[in-house]
1. Across the chain, how many lysine pairs, 8 or more positions apart or on different chains, have C-alpha atoms separated by under 20 Å? Please give the number.
2. Please report, as a whole percent, how much of the solvent-accessible surface of the chain comes from carbon and sulfur atoms (probe radius 1.4 Å).
3. Which of S11, S100, S50 ends up with the largest GNM mean-square fluctuation for the chain, with Cα atoms connected below 10 Å?
4. With every protein chain kept in place and ligands, DNA and RNA left out, what is the accessible area per residue of the chain? Probe 1.4 Å, answer in Å².
5. Which of the chymotrypsin sites (Phe, Trp or Tyr not before Pro) found in segment 51-89 are loop residues per DSSP with 16 or fewer other Cβ atoms within 10 Å of their Cβ?
6. Under the Karplus relation 6.51 cos²θ - 1.76 cosθ + 1.60, θ = phi - 60°, what is the ordered set of whole-Hz ³J(HN,Hα) values for segment 30-47, x standing for Gly and Pro?
7. Using a Förster distance of 35 Å, how high is the FRET efficiency between Q53 and N84, based on the Cβ-Cβ distance and rounded to 0.05?
8. Using the Karplus equation 6.51 cos²θ - 1.76 cosθ + 1.60 (θ = phi - 60°), what ³J(HN,Hα) coupling, rounded to whole Hz, does each residue of segment 58-74 give in order, writing x for Gly and Pro?
Amino acid sequence: QVRLVESGGASVQSGGSLRLSCAASGMNFKLFTMNWYRQAPGKERVFVASIKQGGETDYADSVKNRFTISRDNVWRKTYLQITNLRPEDTAVYYCNVVYSGRNFWGQGTQVTVSS
């Protein structure tokens with residue numbers, strides 16, 4: 001069974017940085033595109049970033065130049081480095097993979113940014 005576990009969320013001040021991690025198991029990690037989404041209070045879950053098996057990345061316009069997604073195929077982890085945090089980045093951040101046509105999600109990690 002695919003399992004995703006996020007970590008690294010915290011409460012930080014505006015302008016700060018964080019690195020979120022997602023540990024994957026139950027799948028051949030290196031073969032799959034890994035994604036990060038976020039859900040702000042009272043809003044829908046939205047795409048943040050993705051990284052393909054070959055390392056190609058994609059980002060939502062709102063996070064370009066501040067967020068960096070990466071992956072470690074040996075340790076089966078994906079990371080989201082966030083810099084210059086803003087209050088509007090406050091959200092629960094989720095790791096995601098589409099495996100056998102199904103979406104799998106982690107439990108999420110909370111990021112709270114105060115001004």
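1. Close lysine pairs found across the chain: 4.
2. 45
3. Among S11, S100, S50, the largest GNM mean-square fluctuation belongs to S100.
4. With all protein chains present, the chain gives 54 Å² per residue.
5. In loop regions of segment 51-89 (DSSP not H, G, I, E or B), the sparsely surrounded chymotrypsin sites (Phe, Trp or Tyr not before Pro) are W75.
6. 5, 8, 10, 6, 10, 10, 10, 10, 9, 9, 7, x, x, 10, 6, 6, 10, 5
7. With a Förster radius of 35 Å, E is 0.75.
8. Going residue by residue, I get 9, 9, 5, 4, 5, 10, 4, 6, 10, 10, 9, 9, 8, 8, 10, 6, 6 Hz, with x marking Gly and Pro.
The values are calculated or read from the model by the stated rules, or taken from the named source; none is laboratory data. This structure is a prediction, so every number in the text was calculated from the model and none was measured. Glycine gets a Cβ as well: all are built from the backbone with ideal geometry, and neighbour counts include every protein chain shown. Surface accessibility is based on the protein's heavy atoms, side chains included, excluding ligands, DNA and RNA. Shrake-Rupley method; radii C 1.70, N 1.55, O 1.52, S 1.80 Å.
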